[in-house]
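Following: one structure in C-alpha cells, then a few remarks.
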Amino acid sequence: MNINIPEIESLLKEGCKLAAVKLVFDANRDSGIGLDEAKHLVEEIERGNEPTLQNFNRQNVSKARYSISTFNGKTEVRFAKDGAALQEITPESPLWNDLKEAFPQKKEEFAMLEKQYKQAYNTEALRPENSLFISKNKNSIPPIVVVSIAVIIVLLAIFLL
C-alpha cells in the first residue's frame, strides 16, 4: 500500500477528510483498493491507528447514507438506508434513531442538531395559550382585540378632528 501518512494527517487537521480519502484511493488504484477501503484506511489514521485492512470487512460497510445542509439559516438532514432515496428527516421522525444507529461516530453532531431543532421549534412557544390571538386568562380580552380597538379609536379621532 502506498500511503503518505503525514500528508493525510495534515489534510485531516485541515478538515479535508474527503481529499484524504481521494489521495489514498488515487495512490492505490492499481492495488485494487476501492473507496470504501480508502475511507477505512483514512479513518484508521484519524483514530491514530496504523492504517491496515486487517479489520476491514466489506460486508460491514453501511448501506445507509445521510447529508446535512444549511440554507438560509435552516438546517436540513436527509437520510436513506438500504439504497433508498434520501429523504428529509427531523428528530421527531421515526428514521432519526436509525440515523443515529447507522452513524454512531456522529453522536455528538446529531445531539447538537436535536438541540438546534428543539430551540427552533420550541413547542412551548407554539402552545395556543402563548399566542397573540388567545388570552392566557379566559375572562380577559385577547391582546389582538385590545390593540385593534385602540387602532380604530385613534383612526376615528384623526378623521373626525
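Before moving on, here are some points about what is shown:
- Looking at GLU44, GLU101, GLU88, GLU76, just one residue is crowded, with 17+ Cβ neighbours inside 10 Å, at pLDDT 80 or above and within 25 Å of the chain's Cα centre (by Cα), and that residue is GLU44.
- When restricted to residues that are part of a helix (DSSP H, G or I) and either of a type in the set (Phe, Trp, Tyr) or over 20 Å from ALA64 (Cα atoms) (or both), the range 18-41 contains 11.
- Condition met for ILE8 (assigned to a loop (DSSP other than H, G, I, E, B), surrounded by 13 or more Cβ atoms within 10 Å (Cβ to Cβ), at pLDDT 80 or above and not acidic (Asp, Glu)): no
- Residues within the range 130-161 that are at pLDDT below 55 and assigned to a helix (DSSP H, G or I), tallied: 1
The values are calculated or read from the model by the stated rules, or taken from the named source; none is laboratory data. All figures in this text were calculated on a predicted structure; none of them were measured in a lab. Using ideal geometry, Cβ is built from the backbone for each residue, glycine included, and neighbour counts are taken over all protein chains shown.
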